[in-house]
Amino acid sequence: MYIGSHLSISKGFEATVKQAISIGANTFQFFTRNPRGAKARKLDLEDIMVADELCLLHRFGSLLAHAPYIYNFASKEDDTWNLAKSLLKDDLERLSHLNSCKYLVMHPGNHLNKGIEYGIERIAQGINEVIDGSENTMILLETMSGKGTEVGFRFEHLKEIIDRVKYKEQIGVCFDTCHTYSAGYDIVRDLEGVLKEFDEIVGINRLKAIHLNDSMHELGSRKDRHACIGEGTLDLDGILNFINHPKLRDIPIFLETPNELDGYKKEIKLLKYGYNNL
Ligand code: FE
Ligand code: FE
Ligand code: ZN
């Protein structure tokens, strides 16, 4: 099982890999740049090489890069849209140096009252203007909660974006359990049904990563508030049932729960060994 949490790379990649190891993780997620701004650290190729070696040595699964929130590929504003394209281009270039990371997850975007259809078209067009099929990093679209004017809270949205992308083999999906539940998919009482629907619409083979979060809100609330594992509406049983599903067992898991390192360490232990072994 590949499991890790979101970690800050502010001390560099090598230090972050070591931090992951210290909490029992064998992968982690990180922001490619300041999540609310656009600023990226200067690439330290030496640090990246050492981190890659460490990941190999400790048999890590692929790391997961997360795009900053200012990416908005659904925006009608050309400035915003062009910024998203240039940041994605730059992120893909930077990630091409980090062998231990094969995936970049991004939120599809917010249509800002232009409508879902407009958003979908705009997102696909933006991606098409950035990628040429030669990238060694796959872009993962995240399943969203449907707050505000988010695109991507229905599996159909993701499918329609992928359908319009030219290099489809470069696109996958990251399944966020908190978001998907908030969007109205009952992964607690009908996981089988939800996965069947996902498979029919998107294709389970596109699923490359799981954001494992409990939720503070009810099914269908369209709200996005993560809770610690077992402390929200998915509950520990819902979470364990989810990660033990045969179709999901080999997909890497990334925690985005409201925790510090110590909390992540406990959750990783719980998820790896179950509550009988705590
Ligand atoms: Fe996200
Ligand atoms: Fe997420
Ligand atoms: Zn979220």
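The values are calculated or read from the model by the stated rules, or taken from the named source; none is laboratory data. Predicted, not measured: the structure shown is a model, and the values here were computed from it. Don't worry about glycine lacking a Cβ; one is built from the backbone with ideal geometry, like all the others, and counts go over all protein chains shown. We work out accessible area using only protein heavy atoms, side chains counted, and drop any ligands, DNA or RNA first. Shrake-Rupley method; radii C 1.70, N 1.55, O 1.52, S 1.80 Å.
Things to note:
- Note on exposure: K39, K18, K147 ranked by accessible area (1.4 Å probe, complete protein assembly) read K39, K18, K147, with the most exposed listed first.
- Of every Cα-Cα pair in the stretch 151-278, the percent that sits beyond 19 Å: 48 percent
- N113 versus Y167: modelled label distance in nm, points set 7 Å from Cα along the beta carbon direction: 3.7 nm
- Expected 222 nm ellipticity per residue - DSSP helices of 4 or more, -39500 (n - 2.57), all of the chain, to 500: -11500 deg cm²/dmol
- In summary, the aspartates and glutamates within cross-link reach of K11, defined as a Cα separation below 13 angstrom excluding same-chain residues under 8 places away, comprise D44, D47.
- If only the Cβ of Lys and Arg carry +1 and only the Cβ of Asp and Glu carry -1, the dipole of the stretch 3-273 around its Cα centre is close to 300 debye.
- Taken about its Cα centre, the stretch 97-249 carries a charge dipole of roughly 260 debye when the Cβ of each Lys and Arg holds +1 and the Cβ of each Asp and Glu holds -1.
- The reciprocal of the average 1/r between distinct C-alpha atoms defines the Kirkwood hydrodynamic radius, which for the stretch 1-116 equals 14.9 Å.
- Dipole axis of the chain (+1 Lys, Arg; -1 Asp, Glu on Cβ), positive-most option in F30, Y2, G133: F30
- Accessible area of the stretch 3-273 belonging to carbon and sulfur atoms, whole % at 1.4 Å probe: 49 percent
- For the stretch 125-278, the number of Lys pairs separated by eight or more positions or lying on different chains, with C-alpha atoms closer than 12 Å, is 4.
- Ellipsoid fit via the Cα gyration tensor, the chain: semi-axes of 27, 25, 16 Å, each the root of five times an eigenvalue, largest first.
- Taking amide H positions as modeled 1.01 Å from N, with prolines and chain starts lacking one, the residues under 5 Å from H66 and 5 or more places away or on another chain are F30, F31, T32, V105.
- The stretch 58-131: chymotrypsin sites (Phe, Trp or Tyr not before Pro) in DSSP coil with no more than 15 other Cβ atoms inside 10 Å: Y69
- Loop sites here are GluC sites (Glu not before Pro) outside DSSP states H, G, I, E and B with no more than 13 other Cβ atoms within 10 Å. The longest part of the chain free of them is 78-217.
- Fluctuation leader among M106, M144, M49 - the chain, Gaussian network, Cα springs under 10 angstrom: M49
- Qualifying trypsin sites (Lys or Arg not before Pro) in the stretch 192-278, DSSP loop, other Cβ atoms within 10 Å at most 12: R249
- Share, in percent, of DSSP beta bridges within the chain that are antiparallel, nearest 5: 15 percent
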